[in-house]
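Read the structure below first, then the notes.
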């Protein structure tokens, strides 16, 4: 993919730095790069954040600030307003703002830039079909999450249903891990969760995840990508970021990051990778879900 | 109740005091335990209230943002974290309710699903309860906190707490108190029993010696006991011994006086007897002379020998009576009719001098089980007393009968009646008191001997003049002279 580079405005970087995590050092106004993270994955892993920040700073040869917010919406808003140079967002906000956002890179999970959305239920629950979830208390991850909301909403929309009609009650946990907790504890009788997160957590926290089981796997959809403002795509910093991500497996610290994330690497992918998500978005817009 | 009272009264002091100590200890222990437990319960409840308040403060603060937004996850997440953070409070569950009573979120969502309503009993606790409701039987407490934002009620937090550990602590304290108090009660009871036994042991020594003295065998408390006794009891022992010695001396003195009286009486009798022997002696000497001169004459010899025989028989009677009365008795002898029959010979000097008429009614028909020597001495004493009191030519009535195993001897005279000194002497003799000075020694001796026979001597004055003295003695009973008296007598004579 052809990437253009341009100089980042110092003011934007400074503003982003002010939102930085405490452990991220404040860099000079000219060189600091702010990188937004959503709770798309393991949001509480401080070591991972340290390693990622360390790797990016070293690979991009500039200080990098990691900016984290509770909801997708906040990160998306910061990215759209230019307060973040780039962000790891979900495919759903990406297709929602496809006119303003451009892809920097897409993670490779099991060799592909794709993942699935899971509908999970308590492991003891004896059901086999998704339509048996009617009347449930259902946990979504985030209203701007593809796997944690859009996929299930679109599934219902295909059957002329909405979450509000189909479920007795829905709520958002603002984290895929929280969806698993909500279903495991019985707070929710079912939940929509990122399949990649569920799989990774199943290996890391089997005691929690084993209390849930997957009822339905969606088709493969575009993995949450790293995006930037479309207008910034050609800047030097974005180019450095893309290079750093694509070549992450060539560096030891980078491999460590990949190992923690259980990803295979990053690749520059076409926007058509997210066509499936865009179709679902169109569907719920059409059906009013 | 009365039976218990009687049992209590009959109980020895060595049991009564430890029992009272035990009862007192139990009462004190119960009261102290009650106070401790009640205070502990108050402290625990106050502590639980403050803990529950702190817990609910924390939970309320944590869930308020979620409640405001009706955010199920945020509320649940807060509850889930709160449960881990408040180790001091064992919350079984915490439920956050919306103003309409529906569950927004609970720490145990399977028990209280989102949008469900609380079971009725718990809902009533939420409606009625403010603060803390305790159920010690179930080991549970419930606490309710209304959450208001500005003037609006946005929800309620309701929690069930497990207070069984607190109750277990209280139970542990209760058992500790019970065991410690039971141990103390047992120790105090045994110690009390031992102490009281030690304290009352000297009393039982005195008691035994008093019982021995009462049954006529007084014994001194030994030097060993005296040395062992505490100062108070030592003095008591010494006073007891002094009393026993004093009594023994009085007894010995009385026996001595009686002996002297006996000797005095013997003197009087000897002179009387000498007179009685001397009277026929002149006639007997004449008879011997007559035989010497006219012995060859058959008629004279026979008449003279008859005279001699009668005279010698009279002398023999007098001598035999004296011998029976005053020879040292080898031991108690059964009383025979003849033991009384020869008494008139002993007093014939007195009766003869005043020409008294002796109305002798000895109705004893067979031997009877009573000390013959004592009865003879009593009868002789009261007969001599009657002789002394009677006017010249007076009559003395002697009557001896046995009826219903009781010997009765009465002596009546027609003298001027009994003076007060005679009555006092008889009373002193019966009471075991010392002998009177001067008159009345005979009656005093008779009274003492009557006591020895377990009998009684009564003195009656006639309506105008005369007196009757009656001895009543049961058959087959006699009190022994005690060792101490014997020893004291031996001291005085030896």
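Read-outs throughout are calculated quantities, based only on the coordinates presented, and are distinct from any laboratory measurement. Predicted model only: the values in this text are computed from it and were never measured. As a convention, Cβ positions derive from the backbone with ideal geometry for all residues, glycine included, and neighbour counts pool all protein chains shown.
A few points about this structure:
- Extension gain from residue A:247 to residue A:234, taking 0.36 nm per residue of separation minus the Cα-Cα distance: 2.8 nm
- Computed E for residue B:303/residue B:472 - FRET, C-beta separation, R0 60 angstrom, nearest 0.05: 0.80
- Part-to-part distance (alpha-carbon centres) for the stretch A:50-91 and the stretch A:147-183, which is given in Å: 27
- At 1.306 mPa s and 10 °C, Stokes D of the protein assembly as shown from Kirkwood alpha-carbon radius, µm² per second: 40
- Nearest 10 degrees, 0 to 90: helix B:441-452 Cα axis against chain B principal axis: 50
- Between 0 and 90°, nearest 10: helix A:176-185 axis offset from chain A longest Cα axis: 30
- Packing order of peptides A:215-227, B:159-171, B:235-247, highest average first: A:215-227, B:159-171, B:235-247 (average count of other Cβ atoms within 10 Å over each peptide's residues).
- Virtual paramagnetic centre 7 Å along Cα→Cβ of residue B:454, amide N under 12 Å, in the stretch B:351-372: B:370-371
- Rounded to 10°, Cα long-axis angle of helix A:236-246 versus longest principal axis of chain A: 50
- Listed by Cβ neighbour count within 10 Å, with the fewest neighbours leading, B:120, A:271 appear as B:120, A:271.
- Across peptide A:133-146, the mean count of Cβ atoms from other chains lying within 10 Å of each residue's own Cβ comes to 1.
- Antiparallel %, DSSP beta bridges [both residues in the protein assembly as shown], to 5: 80
- With contacts taken as Cα pairs under 8 Å and at least 6 residues apart, chain B reaches a relative contact order of 11 percent.
- Calculated P(r) of the stretch B:2-174 - Cα pairs past 27 Å, %: 42
- Computed extension gain for residue B:406 through residue B:323, at 0.36 nm per residue and net of the alpha carbon distance, reaches 27.1 nm.
- Estimated from helical segments only, the mean residue ellipticity of the protein assembly as shown at 222 nm is -17500 deg cm²/dmol, where each DSSP H run of four or more residues counts as -39500 (n - 2.57).
- Whether the stretch B:340-483 is rounded, prolate or oblate, judged on the alpha carbon gyration tensor where a/c under 1.5 counts as rounded: oblate
- Separation in nanometres of the label points that stand 7 Å from Cα toward Cβ, at residue B:363 and residue B:243: 4.4
- Pairs of Cα atoms nearer than 8 Å and 6+ residues apart set the relative contact order; for chain A it is 28 percent.
- Cβ-derived FRET efficiency at R0 25 Å, residue B:256 paired with residue B:224, nearest 0.05: 0.20
- Candidates A:124, A:154, A:164, ranked by Gaussian network fluctuation over chain A, Cα under 10 Å, top entry: A:124
- Compactness of chain A, taken as the C-alpha radius of gyration over 2.2 N^0.38 Å, stands at 0.99.
- Peptide-level mean, for A:169-178, of C-beta atoms on other protein chains within 10 Å: 4
- P(r) weight above 38 Å for chain B, C-alpha pairs, percent: 62
- Relative to its Kirkwood radius, the Cα radius of gyration of the stretch A:117-218 gives an Rg/Rh of 0.93.
- Look at B:469, A:284 and count the other Cβ atoms within 10 Å of each Cβ; fewest to most, that gives A:284, B:469.
- Theoretical gain in end-to-end length, residue B:50 to residue B:5 [0.36 nm per residue, Cα-Cα removed]: 10.9 nm
- Between the beta carbons of residue B:355 and residue B:313, assuming R0 = 25 Å, the FRET efficiency works out to 0.65 to the nearest 0.05.
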